[in-house]
Amino acid sequence: AKAPEHGKTLTLLLRSANIAMYNAKKEGNTFNVFTFSMAQSYLVRLEIEERLRVAANAVELVLVYQPQIDTQNKLYGVEALVRWEDEKLGFIAPDKFIGIAEYCGLMPKIGKYIIETTLSEMSALQTHLNVTFQIAINISAQQFCHIDFITVLKQSINRHNIDPMLITIEITESLFIDDIDKVLPILNELRGEGICISLDDFGTGYSSLNLLRTLPIDELKIDKSFVDDIMNDVQSLKMVQNIISIGKNLNLTLLAEGIETLEQKQSLIECGCDLFQGYYYSKPLILHDLEEYISDISREIP
Ligand code: C2E
Ligand code: MG
Ligand code: MG
């Protein structure tokens, strides 16, 4: 940080230097020169963090559920997605606040709330409608590695009397960057309980084929970015075909996310994809709307 542009007093100058250092650390081994836009995003982050502490206590978080459909057009499961509307800041997207919750250590608490609410709502719904379907929950890296994670999950499963085989844990490849030896035993324990493991956003991360071969997982979620271009870009179509054949060789279930059109769905069926999720079928639904969606079982999906 330079004087006097970035601070006319020592305190202000040090504060600017700190913000630049925070950015440099975030990017890894690098250096950063302070800019005012850094300060701006720092302040936004601070404000979200402050409001999130309130939300985490007052339970301002809501869950919505997006249907997952099989090749027979039957409901296979739902993915639970968290929503947060702050009275001061308005709607804040999960990919924005989850990173902040991880950074400031709030994620285990928020994650516990997400697991408990999802299992409570979905077990009641399954009993009420007399149906069973898979329940997928996203687990962030920090939540996954937290010492209480498995206990929290098991307690919630027991409390709501859910068959663990109906639960899918969605993780991302970022979990494997740091400490695979720490992650593997947890994955194995979950699998030992009968819980399914799904690798979310597949194709956007760092997985090597060798890693994929050794991971105890059940499902690959093909990232929306491939599905987006599948109709107009041969490379994306080839990528999807390759991901599906790799997945099949490893005995994994293939789920495509972000399907928005009939053409995309048909193309993915031709590629051999097993499961489908996206706005074409349904947006994520609040509990009441999900109940209607499932009740309307005669619904014909074109
Ligand atoms: P994700 O797990 O890959 O979830 C898929 C995202 O794509 C969701 O966004 C969903 O609403 C959106 N989506 C689904 N189908 C379509 C489609 O056809 N078109 C478009 N344009 N979008 C579609 P959302 O809910 O904003 O979540 C974003 C990310 O935030 C999630 O990506 C996940 O990584 C994270 N997230 C959401 N809820 C939770 C949660 O409860 N816990 C954790 N740890 N992460 C969560
Ligand atoms: Mg997901
Ligand atoms: Mg995804």
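Sort through Gln155, Gln72 and tell me the only one that's without any contact (Cβ under 8 Å) to a residue 60 or more places away in the chain, in a loop (DSSP other than H, G, I, E, B), out of contact with any Gly (no Cβ under 7 Å at 6 or more places or on another chain) and open to solvent by 60 Å² or more (accessible area, probe 1.4 Å).
Gln72
With the checklist (1) away from ligand 1 (no atom under 15 Å from the Cβ); (2) at pLDDT 95 or above in hand, flag the one item Leu268 doesn't pass.
Of (1) away from ligand 1 (no atom under 15 Å from the Cβ); (2) at pLDDT 95 or above, only one is false for Leu268: (1).
Could you run through segment 203-233 and say how many residues are of a type in the set (A, V, I, L, M, F, W, C) and out of contact with any Ser or Thr (no Cβ under 9 Å at 6 or more places or on another chain)?
Residues in segment 203-233 being of a type in the set (A, V, I, L, M, F, W, C) and out of contact with any Ser or Thr (no Cβ under 9 Å at 6 or more places or on another chain): 4 in total.
Can you tell me which residue within segment 91-131, out of those that are away from ligand 2 (no atom under 16 Å from the Cβ) and closer than 25 Å to Asn188 by Cβ, is surrounded by the most Cβ atoms within 10 Å (Cβ to Cβ)?
Step by step, filter segment 91-131, then rank; the result is Leu119.
List every residue pair whose Cβ atoms sit under 7 Å apart, with the two residues 6 or more apart in sequence or on different chains, where the first one lies in segment 135-146 and is without any contact (Cβ under 8 Å) to a residue 60 or more places away in the chain and under 19 Å from Gly205 (Cα atoms) and the second, anywhere, is within 13 Å of ligand 3 (Cβ to nearest atom) and open to solvent by 10 Å² or more (accessible area, probe 1.4 Å).
Ser140/Ile98; Ala141/Ser174
Restricting to segment 224-256, name every residue that is open to solvent by 10 Å² or more (accessible area, probe 1.4 Å), within 16 Å of ligand 3 (Cβ to nearest atom) and closer than 16 Å to Ile197 by Cα.
Hits for segment 224-256 are Leu252, Thr253.
Which pairs have Cβ atoms under 8 Å, sit 6 or more apart or on different chains, and link a residue in segment 27-49 that is among the aromatic types (Phe, Trp, Tyr) to one that is open to solvent by 80 Å² or more (accessible area, probe 1.4 Å) and assigned to a loop (DSSP other than H, G, I, E, B)?
Phe34/Lys2
Report, by residue number, each residue of segment 38-69 that is open to solvent by less than 50 Å² (accessible area, probe 1.4 Å), more than 16 Å from ligand 2 (Cβ to nearest atom) and β-branched (Val, Ile, Thr).
Ile48 - this is the single residue of segment 38-69 that is open to solvent by less than 50 Å² (accessible area, probe 1.4 Å), more than 16 Å from ligand 2 (Cβ to nearest atom) and β-branched (Val, Ile, Thr).
The values are calculated or read from the model by the stated rules, or taken from the named source; none is laboratory data. Treat the numbers as computed from the prediction; the structure is a model and nothing was measured. Cβ: placed from backbone, ideal geometry, glycine included. Neighbour counts: every protein chain shown. SASA here: full protein model, heavy atoms, side chains in, ligands and nucleic acids out. Shrake-Rupley method; radii C 1.70, N 1.55, O 1.52, S 1.80 Å.
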